[in-house]
1. Go through 145, 190 for me and flag whichever is in contact (Cβ under 8 Å) with a residue 40 or more places away in the chain, surrounded by 14 or more Cβ atoms within 10 Å (Cβ to Cβ), in a helix (DSSP H, G or I) and in contact with a strand residue (DSSP E or B) (Cβ under 6 Å, 6 or more places away or on another chain).
2. Output the residues belonging to region 60-83 that are assigned to a helix (DSSP H, G or I) and without any contact (Cβ under 8 Å) to a residue 40 or more places away in the chain.
3. Restricting attention to region 157-166, and to residues there that are in contact with a helix residue (DSSP H, G or I) (Cβ under 7 Å, 6 or more places away or on another chain) and loosely packed, with under 13 Cβ neighbours inside 10 Å, which single residue is modelled with the lowest pLDDT?
4. Report whether or not residue 100 is touching a strand residue (DSSP E or B) at 6+ places or on another chain (Cβ under 7 Å) and in a strand (DSSP E or B).
5. Would you check if residue 106 is assigned to a loop (DSSP other than H, G, I, E, B), at negative phi and surrounded by 18 or more Cβ atoms within 10 Å (Cβ to Cβ)?
6. Name the one entry in 196, 169, 177 that is at pLDDT 95 or above and assigned to a helix (DSSP H, G or I).
């Protein structure tokens, strides 16, 4: 027992491993405000594609009675998540290596969760990534659980504002498989996995949060 404790202390992530994304600082509080309407103390939230960890560290600090499970398929990001979340245990688990494009990814998560959260992922992933996210989330979520998606979206084929139009064009230049997803397509794919689109929440800077309830 003592040896394990000493090893864990020695391996504590260094602050220098913390990666930064300025946009995360702009949207983390509005996202947390929505999460406060979805999650109650003692419930569990799995974040898919936690990136640098700035978001989940902020959420855990703001709602320490909730159990947070970060994840990311990138090893450098997982190191950054661990560095940002150091000191927030036991509210935050160690980051999982999850990629929703892999079949059976959900089997790496122990037990059920109450909310699956994805922030700014869908527009930098292939179109079929959401199908994997939705089908796996349906297996993980408790009854009436919520799949919460944040980011810029298209509505009936149209971007919200010229800024999103430019952003979409830039993404597609970088990778033809990327780009803003249409809410209608997300709702249809969600329905195929057993979700109903419950609410679309307008967020700052022409972003939205889509809340899909497991039926």
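The values are calculated or read from the model by the stated rules, or taken from the named source; none is laboratory data. Note that the structure is a prediction, hence the values are computed from the model and not measured. When we count neighbours, we look across all protein chains shown, and the Cβ atoms used for this are built from the backbone with ideal geometry, even at glycine.
1. 190
2. 60, 61, 62, 75, 78, 81, listed by residue number.
3. Ranking the qualifying residues of region 157-166, first place goes to 161.
4. No, not satisfied.
5. The answer is no for residue 106.
6. 169
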